[in-house]
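Note sheet for the following structure.
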Amino acid sequence: MPTTLYNEPSPLETKVLSKRFGLENSHRLDTYLAHDGFKAFLKARQMTPEQIVEEVKTSALRGRGGAGFPTGLKWSFVPRTSPKPKYIVINADESEPGTCKDRLLMEYDPHQLIEGILIAGLAMDAHKGYLYIRGEYRYLIDHTDRAIGEAYSKGYLGKNIAGTGFDFDLYTHSGAGAYECGEETALLDSLEGKRGIPRMKPPFPAVAGAWASPTLLNNVETFSAVPNIIRDGGAAFAALGTPKNGGTRLVCISGHVNKPGVYELPLGYPMLKAIYEVAGGIPGGKKLKAVVPGGSSCPLLKAEECDIPMDYDTLAKAGSMLGSGGMVVLDETTDMVKFALRIMRFYAHESCGWCIPCREGTTWLRKILQRFDDGGGRKEDIPVLGEVSKNMLGRTFCALGDAAAMPTISIVEKFREDFEKRLAGASRASELVTV
Amino acid sequence: MLAAYPEGRKRSAVVPMLIYAQDETGAVTPELIAEVAKRCEVEPLQVDEVVGYYSMLHRKPLGKYHVQVCTNISCLLVGGEELYEHAKKKLGIGNKQVTADGQFSLEEVECMGACSWAPAVEINYDFHHYVTPERLDQLIDALRKAN
């Protein structure tokens, strides 16, 4: 029986990381070995650590968690000759609203991820890895534990891996419900058994990460790309995308589309083509209103701003971000006040409270938006929403404050008429927002 | 579990140990906190302060079946909020409440990573995709019958 997929694949996809999805028992080591599995690890064993890092740099792979930092450069920051132990930490705390791809990479092809981690281990001279998986994904923790067990039993983890003399141990580690723990330094605090509070940087995790040791921290999808890069060469991966935006990525399309799903598309893929062809367009022939291009933290794009290729640099130029690949499509009927409120309820709930601009800003924005949605909005609230948001930008340890502020600023600026419409129809007297 | 972490770093097991233990005991009790503190070689207070931070850790027992309905953006756009309202009526309880017979509890949750197959519900650790009110009724009725 082939593995049942959550959504039908599209013929328009470029399948690199997801090429084994849907194969019979795609999650089993035997299947992986029969389809190029661990060839890249054996090749990497013959390379120097510098050559591995160089190959990743050539691939123009950028972090798939959200920030889009060049992966090869991140790898080069870890002092691999440090006398301290080095650690590999894998961020599987997938929690950015709109994002549901790491689930698939762990579910359908866990050994590709394991091989990517091992290659990173070779490059960093690291011998231990921790896969931090969000607590809600318990079935995936169990599933990945079974895959890890299988890899140990066949000699692809543990001592003297595949007879190469390289040792590596990999462990899963459960989160327990906290968006903030997807931020890399908060994740490290959580891994150490504490509340997930972001750390001051520098020092960066590359120098002092888990247990104050040099740590390489990347997203599940980032590590899953690595075996493909080493096996087929960084240049081949880079060529799939656009300059400085190498390869393919798993784009999670959700919201108002006929065929929502996770589709693997090359970097630079036209956004409108993704919406109208890959995801089958908008139900009922309705018009496009806006797109959240890469998870709820990204500034929204208006319909007329969406005729662009999806790569990190183009999205940045358009005033937004490619983010985590969570693309949410909004049709013309979407009420932007309600949408902004739901985003802010999320950030107010998830703010860890460490930095006052974020803790207070998200709470007050939520209250003002709630009042607006309840029919008690005031004209002066509209600029206040923008001002409070702008005062949060850059004033916090981690990016959660920015992540809450950026979509709000874009919604208030680009969809002001939705707020004004609510004023005209204000159903009741405005009540003071109190603490 | 403790053996996974480097020498002298048993504290690292606090969060996973709490959640795995909670699955067995039903809630994070003071006794459980004391036990986790002992095993991880930290003060009970260092465990206690962690409990309040993580949304999946609970000091009071949930229902036997914990129904978690996502209403975050991707679910919101395709009926997540209506689904949550329906769940409240169906179970006769509000957010984070437990039915009188202790069988069900309900929670409006944040994004659970099922955006492309929304709206989504997680009952205990089982994911359900493309959930309609009718489908939710079927799921709940089947669990009621199973008891």
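The values are calculated or read from the model by the stated rules, or taken from the named source; none is laboratory data. What you are looking at is a predicted structure, and each value in this text was computed from that prediction instead of being measured. Every residue, glycine among them, receives a Cβ derived from its backbone with ideal geometry; neighbour counts consider all protein chains shown. Surface accessibility is based on the protein's heavy atoms, side chains included, excluding ligands, DNA and RNA. Shrake-Rupley method; radii C 1.70, N 1.55, O 1.52, S 1.80 Å.
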Exercise. 222 nm [θ] for chain A, helices only, -39500 (n - 2.57) per DSSP H run of 4+, per residue, to 500?
Worked result: -11500 deg cm²/dmol
Exercise. Restricting the count to DSSP beta bridges whose residues both fall in the protein assembly as shown, what percent are antiparallel, rounded to a multiple of 5?
Worked result: 50 percent
Exercise. Measuring from centroid to centroid over Cα atoms, what is the spacing of segment A:368-385 and segment A:388-425 in Å?
Worked result: 12 Å
For this session: Return the lysines within reach of A:Lys15: Cα separation strictly under 29 angstrom, same-chain partners fewer than 8 residues apart disregarded; answer none if there are no such residues.
Result: A:Lys39, A:Lys43, A:Lys57, A:Lys74, A:Lys101, A:Lys154, A:Lys244, A:Lys259, A:Lys273, A:Lys317
Seminar exercise, completed: Helix A:400-414 sits off the longest principal axis of the Cα atoms of chain A, rounded to the nearest 10 on a 0 to 90 degree scale, by 50 degrees
For this session: For segment A:209-256, just say rounded, prolate or oblate: build the C-alpha gyration tensor, square-root its eigenvalues into a ≥ b ≥ c, call rounded for a/c under 1.5, and beyond that prolate if a/b exceeds b/c, oblate if not.
Result: oblate
Seminar exercise, completed: Partner shielding of B:4-17, taken as the mean number of other chain Cβ atoms within 10 Å, equals 6
For this session: Could you check what % of the DSSP bridge pairs in segment B:65-146 are antiparallel, to the nearest 5?
Result: 55 percent
Exercise. Taking a 1.4 Å probe, which of A:Trp354, A:Trp75 shows the most accessible area, and what order do the others take after it?
Worked result: A:Trp354, A:Trp75
Seminar exercise, completed: Classified through the alpha carbon gyration tensor (a ≥ b ≥ c as square roots of its eigenvalues; rounded if a/c is under 1.5, else prolate when a/b is larger than b/c, else oblate), segment A:29-240 comes out rounded
Exercise. How much accessible surface does B:Glu134 have with a 1.4 Å probe, in Å² rounded to 10?
Worked result: 120 Å²
Exercise. Hey, which aspartates and glutamates would be in cross-link range of A:Lys84, C-alpha to C-alpha under 18 Å, not counting anything within fewer than 8 residues on its own chain?
Worked result: A:Asp125, A:Asp167, A:Asp169, A:Glu192, B:Glu7
Exercise. Classify segment A:47-98: rounded, prolate or oblate, from the alpha-carbon gyration tensor (a ≥ b ≥ c, eigenvalue square roots; a/c under 1.5 rounded; otherwise prolate if a/b is larger than b/c)?
Worked result: oblate
Exercise. What's the tally of Lys pairs in chain B whose alpha-carbon atoms lie under 17 angstrom apart, where the two lysines are 8 or more places apart or on different chains?
Worked result: 8
Problem set entry | Computed accessible area, A:His349, all protein chains, 1.4 angstrom probe, square angstrom | 100 Å²
Exercise. Which value, in Å³ per residue, describes the convex hull spanned by the Cα atoms of segment A:327-430?
Worked result: 94 Å³
Exercise. Looking only at A:Met124, A:Met392, A:Met200, which one moves most when chain A is put into a Gaussian network model with springs between Cα atoms under 10 Å?
Worked result: A:Met200
For this session: Could you give log10 I(q)/I(0) at q = 0.09, 0.12, 0.13 Å⁻¹ for chain A, computed by the Debye formula over C-alpha point scatterers of equal weight, without solvent?
Result: -0.57, -0.98, -1.14
Exercise. Ignoring ligands, DNA and RNA, how much accessible area is buried between chains B and A, both sides summed, with a 1.4 Å probe, to the nearest 100 Å²?
Worked result: 4300 Å²
Seminar exercise, completed: Kirkwood Rh over alpha-carbon pairs of segment B:65-146 plugged into Stokes-Einstein at 4 °C, 1.567 mPa s gives a D in µm²/s of 105 µm²/s
For this session: Please report how far the C-alpha centroid of segment A:279-312 lies from that of segment A:215-266, rounded to the nearest whole angstrom.
Result: 19 Å
Exercise. Between segment A:330-350 and segment B:77-147, what's the alpha-carbon centroid distance in Å?
Worked result: 21 Å
Exercise. Accessible surface of A:Ser59 in the full protein assembly, 1.4 angstrom probe, to the nearest 10 Å²?
Worked result: 0 Å²
Problem set entry | Residues of type aspartates and glutamates that A:Lys379 reaches as a straight line, Cα spacing below 19 Å, ignoring anything fewer than 8 places off in the same chain | A:Asp335, A:Glu387, A:Glu413, A:Glu417, A:Asp418, A:Glu420, A:Glu431
For this session: Would you mind checking the tilt of helix A:138-153 against the longest principal axis of the Cα atoms of chain A, expressed as 0 to 90 degrees and rounded to 10?
Result: 10 degrees
